[in-house]
Amino acid sequence: MSPHTRAVEGWTLQPLTDFVREASVRLVLVLTPAGQVLAQSGFSRAVDVMSAAALAAAIVASTGEIARQLRQQPFAALSHPGPKTGFFLATFVTDRGTLTVLAVYDLDVSSLGLVQLFYEQLAADLKAATPKGTVPKQVLAADFERELTDSLNTLFGR
């Protein structure tokens, strides 16, 4: 396990660790549609986690709205290869609701096909590991800052 792999919810840790190893990704976030991070790997600074989570949640929300306006199902996944790195962003449904995975990979180490292949396994593993019969806690605006601070402290071992 990478020293920069952490989880707020323990059931996400093993599937995330397996995905990082098998897909050879550099950065990964597992988060809720609201941008709450459940697990991360590869990030060394809390501000980077917060920024990436906010951007990923915004992309999922905006593409979901575009799909709604086009009267079609939400996009299953988005990807973009840059000159040296690529990213993959996808959502899936668990017993606790929708989860989003953001993965960043180096094109000289991995590929979109490899990331997609192991993403399917990650999604299946997270669905199987999801605690049954629990309802995710709603984050209230008044509790947001405290919840965010607590999650980041957990993710970075503080």
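The values are calculated or read from the model by the stated rules, or taken from the named source; none is laboratory data. These numbers come from a predicted model, not from an experiment. The area values use the complete protein model at the heavy-atom level, side chains included, leaving out ligands, DNA and RNA. Shrake-Rupley method; radii C 1.70, N 1.55, O 1.52, S 1.80 Å.
Normalised per residue, the accessible area of the stretch 65-136 is 60 Å², obtained with a 1.4 Å probe and no contribution from ligands, DNA or RNA.
Give me the percent of the accessible area of the stretch 78-123 that comes from carbon and sulfur atoms, probe 1.4 Å, all protein chains in place. The computed percentage sits at 58. Would you mind classifying the stretch 9-136 by shape? Square roots of the alpha carbon gyration tensor eigenvalues, ordered a ≥ b ≥ c; an a/c under 1.5 is rounded, otherwise it is prolate if a/b is larger than b/c and oblate if not. The shape class here is rounded. The stretch 44-59 and the stretch 75-102 have their alpha-carbon centroids 14 Å apart.
Starting from the Cα gyration tensor of the stretch 41-105, take the square roots of the eigenvalues, sort them a ≥ b ≥ c, and report rounded, prolate or oblate (rounded when a/c is under 1.5, otherwise prolate if a/b is larger than b/c, else oblate). It is prolate, given that a/c is not under 1.5 and a/b is the larger ratio.
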